[in-house]
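Asks: Here it is, the structure, as C-alpha cells.
The values are calculated or read from the model by the stated rules, or taken from the named source; none is laboratory data. The shown structure was predicted, so the numbers you read here are calculated from the model rather than taken from an experiment. Neighbour counts run over all protein chains shown; Cβ positions are idealised from the backbone, glycine included. Ligands, DNA and RNA are excluded from the accessible area calculation, which covers all protein heavy atoms including side chains. Shrake-Rupley method; radii C 1.70, N 1.55, O 1.52, S 1.80 Å.
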Amino acid sequence: MSHVVTPMVEVPQLIGESGAPSLDLCYQCGTCSGTCPWNRVSRFRVRDILTRAQLGLEGYEGEDLWMCATCNACVDRCPQGVEIVEVVRTIRMLITESGAAPKTLRAVLGSVQSNGNPWSGEPSARMAWAGERQVPRYDGTQAHAWMPCCAQAYDPRNARVARDTLRVLQAAGVSFGVVGGGEQCCGDAVRKVGAESAFQNLAAHNAGLFEDLGVRDVLVSSPHCLNTFRKEYPALGGRFQATHLVEVLRERIGSGALALTREVPLRAVYHDPCYLGRHNGIYDAPREVLDAVPGLERLEFHRCREEAMCCGGGGGRLWMETPVEERFAVLKLREAQALGASAVVTACPYCISMFEDARTALGLEAIQVLDVAEVVARALPEE
Amino acid sequence: MGDRFEPRIAVLCCNWCTYAGADLAGTSRMKYAPNVRLVRVMCSGRVDPAFVLRAFQDGADGVLIAGCHPGDCHYINGNHKTMRRFPVLQRMLRQWGIEEGRIRLEWISASEGDVFVRVVNEMTEAVRALGPLDWRTRAAMVVPETTHSPAE
Amino acid sequence: MARIGVFVCHCGTNIAGVVDVARVAEAARGWPDVVFATDYKFMCSDPGQALVKDTIVRENLDRVVVAACSPRMHEPTFRKACAMAGLNPFLFEMANIREHCSWVHEDREEATRKAIDLTRAAVAKARLLEPLQSRTVPVTQKVLVVGGGVAGIQAALDMANAGLKVVMVERRQSIGGRMAQLDKTFPTLDCSACILTPKMVQVAQHPNITLHTYSEVEQVRGFVGNFSVTIRRKARFVREDVCTACGVCIEKCPKKVDSEFEEGLGKRKAIYRDFPQAVPGRPVIDREHCTYFQNGKCRICEKFCEPGAIFWDDQDALIEEQVGAIVVATGYDLLEPDRLRPWGYGRYPDVMTGIEFERINNATGPTGGRIVCKDGREPQAVAILHCIGSRDRNHRHYCSRVCCMYALKFAHLIREKTTATVYNFYIDMRAFGKGYEEFYDRLLHEGVKFIRGKAACVTDEAMTPEEQGRLVVVAEATTLGEVIRVPVDMVILASAITPQRDAPEVARRFGMGLSPDQFFLEKHPKLEPFGTATDGVFLAGACQSPKDIPDTVAHAAAAASTAMSLVFRGIVEVEAQTAEVDAEACSGCKVCQDACPYGAISFLADRKVAEVNGGLCKGCGTCVATCPSGAIRGKGFTDAQVLSQIDALFA
Amino acid sequence: MAEGKLQLAMYWAASCGGCDVAVLDVNEKILDIAAAADIRLWPIAMDFKYHDVEGWQDGEIDVCLFNGAVRNSEQAYLARLLRRKSRVMVAFGACASFGGIPGLANLHDRESIFQAVYGYTASTHNPEGTRPQTRLEVPEGTLTLPDFFDDVFALHQVVPVEYFVPGCPPTPKTIMTAIEAIVTGNLPPPGSVVGASTQSVCEECQREKSEKPVVAEYHRPQEVRVDPKRCLLEQGLTCMGSATRGGCGALCPAVNMPCRGCYGPMPRSLDMGADALAAMTTILEAADEETARNKTGRLADPLGTFYRFTLPVSMLRRAPKGPAVHS
C-alpha cells in the first residue's frame, strides 16, 4: 500500500495573505526545532508545521499547532527571518475564527467574550484585588496609568503581586493612577490563540478607553500587556506608550528615589519572561533591580537572557493541560533546586502561575516563586 | 484608446541602470503603456530639478526620475544626490499644487526590465487617475487688458 | 543654421513591423534644419553606414540623427561612421525607436507617434550639439598590488613576469595572507605552504617587484593610467639592509604576545616575523608590545644582534609611487567572534573556528599538528558545523562558498590523524567545483557522518550520562524530523567569510563601490567581475566575494591581464563628455565639491573658482545639476540640450 | 543722456515703499541726483495727478524707475502709461524685477485671496460678506477701485523693460551704480541687470567655507547659535547666497542672517528655486533614503524659501487657478 501526498498550494497562499508571508522563506534547516524548548520533553517539531504548511500538507493544522508557547526562541535564531510565531498565530487564527478552536480554549474565549477577560472574572470586580486599600485613580495628570494584568485582578496568587506592586509604586513616589475597572484584557494571549476578532474588540475597547482618559503611558505588570501595547496597538489606533514595572523600578532605584534597606536573604534565580526578554529586549532592568536588594544573592539559569527557556505559559499554553514531566517550569524548578536557589524570581503573571503550579506538582516547599515587585516590597523600609 | 485621458509622462533616467533596464524590457519584448518618453542623462545625479519643472511647464502630466539603486550607482554615489533632492522637490511641487503622484523617484537596475514595465504602467494609471495637469492653461498668466479709467 | 540628416532604421521588421518608418522620415523632413531624411532597411549594416557617410558628404550635413536601436548598442558604430566622413563624432545623436518603442508597443499608430516624438527630440538635441575631442594620456608603466595573499601574489607575478614593474603593499610583516595559515587544501589535499611559499619567495626575488610589507596605502590620487599613491611604511626598527634574518633576536626576546598568525592560539615575540617561512624573513619590532618602548629598558635584541641591525630611531616613512593601474587584493576576514556565542564559541574552549583548526592541524602550529582538545586529550568525536553565520539573515546573507569543502577536508584530516567519529551538520552540501563532488563521495566512503540539519546550539548542559562532561550539539535531523543531541569533544565552526572590517574605508580610498554585503563591488557581475567603478582599479580574490584558492588565482590572473592590457596599451582615452567650469561665471561657492563622486573638482584658492580635472571626471553631470550659478557645463548633456529634448517631447 | 537735465520719473506699484526709502538712503548723494536730474514724478515725495502724467508727450521722460510688482489694473495702467512716456524703463527693486514677496500670492488666485481676506482670517469681521467693488454709484458720482488681478506680475511681464535693478531694496551702492550708469549713458545692452554683480552673494561673503562644504542638518535661524565666522549654509541655515546674484555686499550674511535671495537668480540660472534646491539638498549628509527623507524634512517651506522673491518669473510662475488641488 502506498502512501503519497499531494501539495495544496492554496494553503500557504492563504497563510501568506492572512499575515505570515515569511512562511515561504523557510529553507528547512531545522534551527527552529533545535532551538525549541519542547525538544527536551516532546516530539513537537515546529519545522514540521512549517514544511507542511508550505506545501499545504495535512498536519500543519493538527494538535501540535497548539503546542507552541510563542516564546520566540526560534524566531530570534531563524537564519531566514521566518516569523514563525506569526505563522503559528496565523494558522491558529484560520482555525479559531472558523470556530474550531480546541475545547480547552472555549471557556477562556467565552469569558473574553462575555467578561472582557479570560478569567471568568466579573468586570465590576476588577479592582477587588485592592481590598480596602486606597488606590489613586488615573485622572490625566499622572505620568502613568497603571493597568494590573487580568491575572492579577482575578487570580488570588497574582493579586498578591498587585498589592505589593501598589506598595512599591507608592514607596517609590511614582506618579500613577489606576485605570480602575473599565479596562479589559490586553488581548495578547487571545490573539496568539488565533481569536483575532475577539482581540480586535478588546483592543478597540482599551484603545478607546485610554484615549478618553487621555492616557499617555500605560504602566503594566505583565510583559504580555507590554508587548501588545507596544507592538500591536499602535496599528489599531493606540496612541500611548507602555512601560513595564521593572523599567520604572530600575529608574527609581537608579535615581535614588527608591531606597531598598531591608535585608532580603534570598538565593534568587531570575527567570526571563519571554515577552519581556526576547520579545522586547528587556534583560538588564529586572536584574539591576534585584541586584539593588540588600542581602539578595542572584543566580542565573544555565540558559538565560536571549537563550532563556520559556515557563511554558505563553501563546495560550497557560490554559492548556501539560503533563507534569513535560512542563518547562518543572524542568526549570529542578534546575533552580540544583543551583541551590531559594527563590525563582520573575516579572510576569503567567510565569508566576506556571511556576506556582510546578511547585505544587513537585511539592517543592523550599523554593519560593516571587515577582520582582514582591521582592522589592520585602526590601522596603518598615512602615 | 477611446476617450480616456492619456497622460504624458517624462522619464528622466540614467544611462547605466534605468535606460538599460528599459532596453531590457525591449529586448524581452515586454509591453507597457506608450505614455512615457525617456530623456537620457548619464546619471540620475544629472537631473537638474529645473528639468522636472520644465517638463511640467511644457505640459507633461507626470515625471518619473529613475536611476541605479543606492549603492549600485555607476558613478559611485551620483544617485545619492538625487535621493537627497527628491523629497524636497516632491514637497515643493506639492506647494505648487502638483500632486505627489505626478512625480516619482524609482531605482531600476539594468536587470529590472520587469520593474521598469511595472513602474511605467503603475505611474501611467496613477497619473491617469489624477487627470490632466494642463499647466499651460491652468497656470497661465495673462495681463488683463486694463479697462482702468482713473477717476479724480 | 544646422544641416541635419535623419536616418530611420527598419531593423528588418523589428522596427518597421510596428512603426511606420516612412512616416517618421516624412515627419522629420518638415522640421527646421533637417535637410535630409530617409528610412533604410538596416542602418547598422555596411551599406547603411555607407549611406550615412555618403549623405554627410553629399548633403554637407553637420549633424546626424539615426533613429534605430539603443545608443548603448550602436552609438559607437555610427559615431565612427560620422568620423570617417569627416564629421566630429559627437555631432551625432540617436533616437531609440526599437527597444523603447517598436518592441514594447503593439499599436501601430501609438508606436509611430512615439517614434516621431523620440526622433524629434533627438533632432532638437542634435541641433545644439557641439564638437568634442577625445583626449588620450600616457599610462605609467607600473602597477600597484594591494595585499600580499595568494591573489596579490598571483597578480603580481603574472605582471612582473610579463616585464611590468609591480609595487606590492602588504599590511602585515609577511606576505602569504590567509593561504599561509592553511594546512592542506581541498580537494587535492596538497600542502598549502608547499605550494605557496615558492611563490612568496619568487615575489621577494623578482627584479620587477618592489615589496613593501608592514605598510599600507594611505592615499590614492589621480586617475586611470596616472595614479599617484602614498604608502605608509611603518617603522620596523630593524635595518633591512643590515639584518641577515638569522632570528637570534626573536629567540632572545623575552616578551611574548598572542600571535595573530596563530589566531591567538600561539605566541609570538615582540620582535617577530609572522611565521618561520615569512617573506621577507627580516623581523619587525612591534612597538606596542616591546618592553623597551613600554618602559625604556630591555634592548636584549640589540645586544644579540651581531650585524647591529636594531635601529630604535626608525620612523614611519611615506613613499610616493606613480602607477598606471591598481590591483586590490585585500582578502577577507571572518565573522565577528561574538556572533558565534550560540554555538558555544568563547564559552567552551574546545569550540573553535575553521581557521583556528587549520592552525591546530598545522605541523608548525601551536600543537605541532596534533589534533587535541585544550586539555591535551584526543577527541573521541568531533562536530563540524556548517553555515555558521553564512546563509543567515541575522549575520551574513550570502553563502561563504568554501565551508562545505573545507569541512570535508577537516573531516578527512581528523579521520586520518585520530580515531574520532566526525559529524557534519549541514543545510545543503555545496560541492560545485572540479573534483569537489568526488571529494564528498570519498568522505562518505571514509565513514564521516552527515546530518542534514543546521546546528541550533552547542551546550555543556548534560541530559544523559553520556553527555556528562562533553559538548552536546543540538540540531534537528530534518530528514528524520527528530531533534538529535550529539555528544562530542571538539566543535569546529565553519564561520562566515566576511569582508575586511575596514572595507568601506578602503573602498572610499580607491574609489570603489561596495556590494550590499560590503564586499567590493565589481564593475559587472558577469563580464567584468574584476573591474571596479574606478577605471584602472581592479579586484582580485576574496575581497570581491568569498572564493576558494583556484577561483582566487583565476580571478587574480584575470585582474592582472586586464591591468596589463591597459598598461601595455600605453595610452588611455579620457572621457570627452566631461564637465567644465566657466571660471567667469563661477562664484566659488564650493557646493560642487561635495557633489563630485570622484573628487575631480578642485578649488583654486587664488582665483576663487572651481576647476574640473578632465582626467578624473567621468561625466556623470551631478555637479552640473548642483551648481547654483549655472557655471558648470556638462559636455554632451548641457542644460540647453536636455531642455531642448524635454521641449520637443512635451511642449 | 542728451543735453540738459535728466528727466526722471519714479513710481511705486505693488510694493512696501522700501524702494523709495532706499533712494533716500543714498544720503547726500541725493543732491547729486537732484543736480543731474529733474524729478518729474515721485508720488512718495510730491503730489501728482494722473492727468499730469497723461499730459506729457510720449518719450518725454528719459528714465522711469518703476518699483513694485503689478497686481491690479491701476498699476498696469500706470506701467503702460509710464512706458509710453519714458525712453528707458527700469524695473527697480525685487518686486518690479521678479514679482518680489507680493509674488508669493501667485500660489493663490483672486477668489481664494478674497475668501481669506474678507472671509475667514482671525481678524476679519465681515458678517455681510462685503467684497471690494470696482465701481460704486453714489449721489456724488461714480467711485472706482482698481481691479484686483488673479496674478502678480513682474514689470517686464506687463511692459517692455530696458533694465533691472534688483534688491529688496536695492542697496545705496546698487542705486548709485545704476544711476551713474544711466546718467553717463554707460549702459549694458537692454535687458541687463545693472548695479549688481554677475557673481553670487558667496563671492562677496566674507565667511569661511570648508574645502568640501557639507550640511549635517538644516535648522531655522532661531534654532541655532550661529558661528559668526563660518559659512551659514554649512551651519545648516538655508542661505540662498550661492544661488543669488551678488552686488548687495552680502549684507545679510554679514549680520548672521542667511541670504534670502532678493537680488534674484544668477545670470545663467534656469530657475532660481531649482538652483537653490539642488545645491542645498545635494550637500546634505544622508547616505540612505530614510535619512534623506528625514533630514530634508527639516528644510521648512521649500517653495517659500527658494522663491521668496522670484515666484512670478520662475519656470512654473504660479499655482494652477481654480479650486486648490490640496488643502
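Asks: Given the criteria open to solvent by 50 Å² or more (accessible area, probe 1.4 Å), in contact with a helix residue (DSSP H, G or I) (Cβ under 7 Å, 6 or more places away or on another chain) and under 25 Å from C:Gly621 (Cβ atoms), does D:Arg293 qualify?
Replies: When the stated conditions are applied, D:Arg293 passes them.
Asks: Then there's this: Is it fair to say D:Pro160 is within 14 Å of chain B (Cβ to nearest Cβ), part of a loop (DSSP other than H, G, I, E, B), in contact with a strand residue (DSSP E or B) (Cβ under 8 Å, 6 or more places away or on another chain) and over 30 Å from D:Ser192 (Cβ atoms)?
Replies: no
Asks: Also, quick follow-up: Only one of C:Ala605, C:Ala640 is within 13 Å of chain B (Cβ to nearest Cβ), over 18 Å from C:Val137 (Cβ atoms), aliphatic (A, V, I, L, M) and surrounded by fewer than 21 Cβ atoms within 10 Å (Cβ to Cβ); which?
Replies: Among C:Ala605, C:Ala640, only C:Ala640 is within 13 Å of chain B (Cβ to nearest Cβ), over 18 Å from C:Val137 (Cβ atoms), aliphatic (A, V, I, L, M) and surrounded by fewer than 21 Cβ atoms within 10 Å (Cβ to Cβ).
Asks: For residues that are in a loop (DSSP other than H, G, I, E, B) and either away from chain C (no Cβ under 12 Å) or within 30 Å of C:Val537 (Cα to Cα) (or both), tally how many sit in the range B:58-106.
Replies: Total satisfying the criteria: 11.
Asks: Please specify each residue of the range A:292-321 satisfying the condition of being closer than 27 Å to C:Asp460 by Cα and either without any contact (Cβ under 8 Å) to a residue 24 or more places away in the chain or not in a loop (DSSP other than H, G, I, E, B) (or both).
Replies: Listed by number, the residues that qualify are A:Glu297, A:Arg298, A:Leu299, A:Glu300, A:Arg303, A:Arg305, A:Glu306, A:Glu307.
Asks: From (1) under 14 Å from the mean Cα position of the chain (by Cα); (2) within 18 Å of C:Val150 (Cα to Cα), pick out the condition that doesn't hold for C:Ile549.
Replies: C:Ile549 satisfies every listed condition except (1).
Asks: Only one residue in D:Thr291, D:Thr282 is of a type in the set (Ser, Thr, Tyr) and more than 10 Å from chain C (Cβ to nearest Cβ). Which one?
Replies: D:Thr291
Asks: Which residues, taken from the range D:80-100, are out of contact with any Ser or Thr (no Cβ under 9 Å at 6 or more places or on another chain) and in a helix (DSSP H, G or I)?
Replies: D:Leu81, D:Leu82, D:Arg83, D:Arg84, D:Lys85 - these are the residues of the range D:80-100 that are out of contact with any Ser or Thr (no Cβ under 9 Å at 6 or more places or on another chain) and in a helix (DSSP H, G or I).
Asks: Among the listed residues C:Glu109, C:Glu99, C:Glu93, which satisfies the condition of being under 20 Å from C:Arg29 (Cα atoms) and either buried (at least 22 other Cβ atoms within 10 Å of the Cβ) or not acidic (Asp, Glu) (or both)?
Replies: Unique residue meeting the criteria: C:Glu93.
Asks: Out of D:Ala254, D:Ala274, I need the residue that is over 17 Å from the mean Cα position of the chain (by Cα) and under 25 Å from D:Gly68 (Cα atoms). Which one?
Replies: Of the residues listed, the single one that is over 17 Å from the mean Cα position of the chain (by Cα) and under 25 Å from D:Gly68 (Cα atoms) is D:Ala274.
Asks: Restricting attention to the range D:40-51, report how many residues are within 14 Å of D:Lys85 (Cβ to Cβ) and either more than 14 Å from chain B (Cβ to nearest Cβ) or open to solvent by 60 Å² or more (accessible area, probe 1.4 Å) (or both).
Replies: 3
Asks: Can you spot a residue in the range C:210-220 that is surrounded by fewer than 23 Cβ atoms within 10 Å (Cβ to Cβ), farther than 25 Å from C:Ala245 by Cβ, assigned by TED's automatic domain parsing to the domain that holds C:Arg233 and in contact with a Gly (Cβ under 8 Å, 6 or more places away or on another chain)?
Replies: Yes, the range C:210-220 contains a residue that is surrounded by fewer than 23 Cβ atoms within 10 Å (Cβ to Cβ), farther than 25 Å from C:Ala245 by Cβ, assigned by TED's automatic domain parsing to the domain that holds C:Arg233 and in contact with a Gly (Cβ under 8 Å, 6 or more places away or on another chain).
Asks: So C:Thr464 clears everything in (1) within 11 Å of chain A (Cβ to nearest Cβ); (2) β-branched (Val, Ile, Thr); (3) open to solvent by less than 60 Å² (accessible area, probe 1.4 Å); (4) more than 19 Å from C:Tyr345 (Cβ to Cβ) except one condition, right? Which one?
Replies: Failing condition for C:Thr464: (1).
Asks: Does the range A:104-126 contain at least one residue that is open to solvent by less than 30 Å² (accessible area, probe 1.4 Å), within 14 Å of another protein chain (Cβ to nearest Cβ) and in a helix (DSSP H, G or I)?
Replies: no
Asks: Can you confirm whether the range A:5-21 contains a residue that is in a helix (DSSP H, G or I) and within 11 Å of another protein chain (Cβ to nearest Cβ)?
Replies: no
Asks: Run down D:Glu234, D:Glu223 and say which single residue is in contact with a Pro (Cβ under 6 Å, 6 or more places away or on another chain), without any contact (Cβ under 8 Å) to a residue 60 or more places away in the chain and more than 9 Å from every other protein chain (Cβ to nearest Cβ).
Replies: Within the list D:Glu234, D:Glu223, the selection yields D:Glu234.
Asks: Can you list residue pairs whose Cβ atoms sit under 7 Å apart, with the first residue in the range B:101-114 being under 9 Å from B:Cys17 (Cα atoms) and the second being open to solvent by less than 30 Å² (accessible area, probe 1.4 Å) and assigned to a strand (DSSP E or B)? Count only pairs 6 or more apart in sequence or on different chains.
Replies: Taking only residues 6 or more apart or on different chains, the pairs are B:Trp107/B:Gly67; B:Ile108/B:Ala66.
Asks: Can you find a residue that is at pLDDT below 95, open to solvent by less than 10 Å² (accessible area, probe 1.4 Å), touching a Phe, Trp or Tyr at 6+ places or on another chain (Cβ under 9 Å) and within 14 Å of chain B (Cβ to nearest Cβ) anywhere in the range C:534-548?
Replies: Checking the range C:534-548: not a single residue is at pLDDT below 95, open to solvent by less than 10 Å² (accessible area, probe 1.4 Å), touching a Phe, Trp or Tyr at 6+ places or on another chain (Cβ under 9 Å) and within 14 Å of chain B (Cβ to nearest Cβ).
Asks: Same structure again: Here is a check on your reading of the model: is C:Met405 open to solvent by 20 Å² or more (accessible area, probe 1.4 Å), modelled with pLDDT of 95 or more and aliphatic (A, V, I, L, M)?
Replies: So C:Met405 does not fit the description; no.
Asks: Another question about this same structure. Would you confirm whether any residue within the range D:248-255 is of a type outside the set (A, V, I, L, M, F, W, C), part of a loop (DSSP other than H, G, I, E, B) and open to solvent by less than 60 Å² (accessible area, probe 1.4 Å)?
Replies: yes
Asks: Looking at (1) within 30 Å of D:Asp62 (Cα to Cα); (2) surrounded by 13 or more Cβ atoms within 10 Å (Cβ to Cβ); (3) of a type outside the set (Phe, Trp, Tyr), which is the one condition that is false for D:Leu104?
Replies: (1)
Asks: Let me ask something additional. Among the residues of the range C:333-379, count how many are of a type in the set (Asp, Glu), touching a helix residue (DSSP H, G or I) at 6+ places or on another chain (Cβ under 7 Å) and open to solvent by 40 Å² or more (accessible area, probe 1.4 Å).
Replies: 0
Asks: Shifting gears a bit: Taking the range C:224-235 as the region of interest, how many residues are under 19 Å from C:Ser174 (Cβ atoms) and modelled with pLDDT under 95?
Replies: Adding up the residues that qualify gives 0.
Asks: Out of C:Arg501, C:Arg509, C:Arg485, C:Arg470, which single residue is over 30 Å from A:Pro37 (Cβ atoms), open to solvent by 40 Å² or more (accessible area, probe 1.4 Å) and at pLDDT 95 or above?
Replies: C:Arg501
Asks: Let me confirm something: among C:Leu118, C:Leu132, which residue is assigned to a helix (DSSP H, G or I) and either within 34 Å of the chain's Cα centre (by Cα) or within 14 Å of chain B (Cβ to nearest Cβ) (or both)?
Replies: When all the criteria are applied, what remains is C:Leu118.
Asks: A further question follows. If I ask for residues that are farther than 19 Å from D:Ala278 by Cβ, at pLDDT 90 or above and not in a loop (DSSP other than H, G, I, E, B), which ones from the range C:566-601 would you list?
Replies: C:Leu566, C:Val567, C:Phe568, C:Arg569, C:Ile571, C:Val572
Asks: Just checking, which of C:Ser495, C:Ser515 is under 23 Å from C:Ser390 (Cα atoms), over 12 Å from the mean Cα position of the chain (by Cα) and of a type in the set (Gly, Ala, Ser)?
Replies: The match here is C:Ser495.
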